[in-house]
Amino acid sequence: MVLWFRDSGGIPLYSFDFRSKSLSHVRHWSAPEVFGSRATFNVQSSPASLDIKDIKRHDQGVYRCRIDFRTSQTQSFRHNLSVIILPEHPIVLDRWGRQLNGTILGPKQEGDDIMISCRVVGGRPQPEVRWLVNGLLVDDQYEQNSGDVIENRLMWPAIQRTDLNSVFTCQATNTLLAEPKESSYVLDIYLKPLDVKIKELPGPLVADRRYEMSCHSSGSRPNAIITWYKGKRQLRRTREDVLNNTTLSELSFVPSTEDDGKSITCRAENPNVNGLFLETSLILDVVYPPIVNLLLGSTLSADDIKEGDDVYFECHVQANPSWRKLLWLHDKVTRFSAGNYACSAINQEGETVSNQLPLRVKYSLRRCDGQLSACSYIGQEHRDESFPKLMKELWIGTTETSTTSA
């Protein structure tokens, strides 16, 4: 006869009656208020054992097995049953006590401090609560707040780019018989761009031709946004592609002569990172034929040039590359010098002729002999609009005064 008792109780919890000497007539009895159908005495194992299913916390205690024999002395064996109660699943709180949801910690910014707490409720014996980063133990200092609540607060200062995708794990364990209970979070960080580069152009740009410029930036998370500027004005004719962790931007533009010497800037920034961006600039070298403008000397009045005056012109030339040949005409002015003047400048991009500047020359009438036909040498008769009127005046003067001609 086998009887099972717990602690100091004198009433058996389970009995196995084998006095009939036949296994088919063995009688099992289990106290319904203790084990009921959860307990079975297993005689097939060696040694025989009391198997308890679905163990409960109140099943813990010191169990005594008493074996009574017909002709031999009674034997007793004691077994200490410890029931381990696993803790609840850990929850993680931010620095303001708000529970973190999901599996992502962040996004954070470079240089931020991480302060998170792991809270565990229950468990017998009291569980250990610890923090691991990428599988390595970094903090096992925990404290009991109240009742059966245990917390471990982790301070991880000044996160860096290398901390991206680090796994922060809160772990609670109180036995080697079961796997620790864990809550893990992957660190997400907003990263600024590491570089920005403009692809060098193959030599000078020719004015009024279309060109494609490219700029790339890497290291940003999420990928950088690239903007182009000419001086302070943003250029918007761009196209952007993203490959892995690199942003590639292409600018299509037509340089003008006024763009020579101006800067083209490529700026890469992560809008999620406050006030941080990278930029690089390129000075444009735009070549073009000379731009030539001819002006009458600044001290001269176009309406007050007389025969015998010295006249000079100002030829203003803008060119890249610099002009290598400049043609000038300059002499004392006579009535025959009237007409259209121009200057031309030549560089490697070509030759440009300036605007035409008309020169009108005033002159006085001269005394001549004979009739009107003797004065026909007066210059500019084929150009001066006043000639017919002048001839008319000369004709009248000749008929009225026969001895004096104009």
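Table for the structure above
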{"quantity": "Hull volume in cubic angstrom per residue (convex hull over the Cα atoms of the stretch 1-158)", "calculated": "192"}
{"quantity": "Convex hull (Cα only) mean projected area of the chain, reported in nm² to one decimal", "calculated": "41.8"}
{"quantity": "Dipole magnitude of the stretch 1-122 about its Cα centre (Cβ charges: Lys, Arg +1; Asp, Glu -1), debye to nearest 20", "calculated": "700"}
{"quantity": "Of all accessible heavy-atom area on the chain, the percent that carbon and sulfur account for (1.4 Å)", "calculated": "50"}
{"quantity": "Calculated log₁₀ intensity ratio I(q)/I(0) where the Debye formula runs over C-alpha points of the stretch 101-199, q = 0.11, 0.19 Å⁻¹", "calculated": "-0.40, -0.93"}
{"quantity": "Average accessible surface area per residue within the chain, 1.4 Å rolling probe, Å²", "calculated": "62"}
{"quantity": "Residue (of 265, 215, 155) at the positive-pole extreme of the chain, dipole from beta-carbon charges", "calculated": "155"}
{"quantity": "Among 196, 62, 74 the positive-end extreme of the charge dipole of the chain (Cβ point charges)", "calculated": "74"}
{"quantity": "Cβ charges +1 (Lys, Arg) and -1 (Asp, Glu), total dipole of the stretch 13-80, debye", "calculated": "140"}
{"quantity": "Unit charges at the beta carbon, dipole of the chain: most positive-side option, 206, 186, 18", "calculated": "18"}
{"quantity": "Mean ellipticity per residue at 222 nm, deg cm²/dmol - from DSSP H runs of n ≥ 4 across the chain, formula -39500 (n - 2.57)", "calculated": "-1000 deg cm²/dmol"}
{"quantity": "Normalised contact order of the stretch 50-176, rounded percent, pairs of Cα under 8 Å and 6 or more residues apart", "calculated": "24"}
{"quantity": "For the stretch 84-99 and the stretch 240-282, distance of Cα centres in Å", "calculated": "47"}
{"quantity": "Degrees, to the nearest 10: 387-400 long Cα axis against longest axis of the chain", "calculated": "20"}
{"quantity": "Of 108/199; 199/230; 230/325; 108/232; 197/262, pairs whose Cα-Cα distance is over 23 Å", "calculated": "108/199; 230/325; 108/232"}
{"quantity": "Rounded to the nearest 20 debye, dipole of the chain from Cβ charges on Lys, Arg, Asp, Glu", "calculated": "2000"}
{"quantity": "Interchain or long-range residues, amide H under 5 Å from residue 108's placed H", "calculated": "188, 189, 190"}
{"quantity": "Length added when fully stretched, residue 69-residue 283, from 0.36 nm per residue minus Cα-Cα", "calculated": "66.3 nm"}
{"quantity": "Cα pair distances in the stretch 191-242, grouped into 10 Å bins until the bin that holds the longest one, percent each", "calculated": "19, 48, 27, 6"}
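The values are calculated or read from the model by the stated rules, or taken from the named source; none is laboratory data. Please read these numbers as outputs of a predicted model, since none were measured by experiment. Heads up, the Cβs are rebuilt from the backbone with ideal geometry, glycines too, and the neighbour counts pull from every protein chain shown. Areas reflect the complete protein model, heavy atoms only, side chains present, ligands, DNA and RNA absent. Shrake-Rupley method; radii C 1.70, N 1.55, O 1.52, S 1.80 Å.
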